[in-house]
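Notes follow the structure.
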Amino acid sequence: MEAITANSEQLLTAVRQTLLIAGVSALGAMVIGVLVTVARISPVPILRAAAFLFVQYFLNVPLLALLLLAVFALPDAGLVLPLAPTVVIVLALYEGAYVAEAVRSGVNTIARGEIEAARALGLRFNQIMRRIVVPQALRAVVQPLGNIAIALLMNTALAATVGVAELTDTANQLNNSAAQPILIYGFVGLCYMALALAIGLSAGRIERRVAVRR
């Protein structure tokens with residue numbers, strides 16, 4: 001255990017960095033996902049088409065390929081960003097597509113009569129989305145969103161492939177110096193498991209509190 005205890009501060013810093021990347025990416029993914037969902041059900045054909053293409057692209061291109069594209073190809077096009085923000089943007093876009101699909105499934109749970117009643121009252125599309133559709137859709141898909149958050153947390157490990165100093169990258173560095181892969185990677189795996197369990201339990205608690213009673 002010496003490799004762990006002697007580097008506990010470095011590991012704790014790596015956990016914080018992982019949580020920061022995951023948290024900011026999750027927030028961005030939520031915003032992107034909701035906006036894409038609204039675009040997919042909007043009455044404007046070009047918005048629906050753009051949202052559909054966005055979802056299909058990010059659902060069908062591997063995250064690692066997107067990270068490598070952003071980190072190594074975009075600078076050649078003149079767009080240069082620090083590594084950590086680049087990873088956050090790519091994760092937010094990638095997971096945003098999954099959030100959009102989850103929220104769209106939540107939209108399908110809303111009774112059509114509610115939307116028709118809102119239209120009869122004279123509410124505009126943006127008002128219907130903001131006051132009726134989006135709040136109910138989010139409440140209906142808390143657990144799926146929690147699962148997406150867990151997947152996002154696991155996907156932060158790919159940041160190590162482009163040199164971002166998060167938990168997996170730190171584990172690689174420690175193993176290079178201590179040469180104790182079973183201990184180091186086993187401990188890091190337990191860290192990911194604990195964080196994933198915390199997200200899952202939190203999602204379950206939130207779901208019970210905000211569940212739509214029908």
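The values are calculated or read from the model by the stated rules, or taken from the named source; none is laboratory data. Note that the structure is predicted; figures quoted are calculated from it, not measured. Because the Cβ atoms are built from the backbone with ideal geometry, glycine has one as well, and the counts that use them run over all protein chains shown.
Of all residues in the range 171-183, those satisfying the criterion of being over 14 Å from VAL15 (Cβ atoms) and assigned to a helix (DSSP H, G or I) are ASN172, GLN173, ASN175, ASN176, SER177, ALA178, PRO181, ILE182, LEU183.
Exactly one residue out of PRO45, PRO85 is modelled with pLDDT under 95 and more than 21 Å from LEU152 (Cα to Cα): that is PRO45.
Just one of the listed residues (ILE115, ILE148, ILE132, ILE128) is in contact (Cβ under 8 Å) with a residue 24 or more places away in the chain and surrounded by 15 or more Cβ atoms within 10 Å (Cβ to Cβ), and it is ILE148.
Condition first: among the polar types (S, T, N, Q) and surrounded by fewer than 19 Cβ atoms within 10 Å (Cβ to Cβ). Now tell me which residues in the range 32-74 satisfy that. Result: SER42, GLN56, ASN60. Among the residues of the range 155-196, the one identified as among the aliphatic types (A, V, I, L, M), under 25 Å from PRO62 (Cα atoms) and exposed (fewer than 14 other Cβ atoms within 10 Å of the Cβ) is MET193.
The range 99-160 holds helices (runs of 4 or more DSSP H) entirely within its bounds, and those carrying 3 or more residues that are touching a helix residue (DSSP H, G or I) at 6+ places or on another chain (Cβ under 8 Å) and under 18 Å from GLY33 (Cα atoms) map to 134-140, 142-155. Looking at the range 71-91, can you tell me whether even one residue there is of a type in the set (A, V, I, L, M), closer than 24 Å to ALA203 by Cα, touching a Gly at 6+ places or on another chain (Cβ under 6 Å) and not in a loop (DSSP other than H, G, I, E, B)? There is no residue in the range 71-91 that is of a type in the set (A, V, I, L, M), closer than 24 Å to ALA203 by Cα, touching a Gly at 6+ places or on another chain (Cβ under 6 Å) and not in a loop (DSSP other than H, G, I, E, B). Residues of the range 7-31 that are of a type in the set (Val, Ile, Thr) and buried (at least 19 other Cβ atoms within 10 Å of the Cβ): THR18, ILE21.
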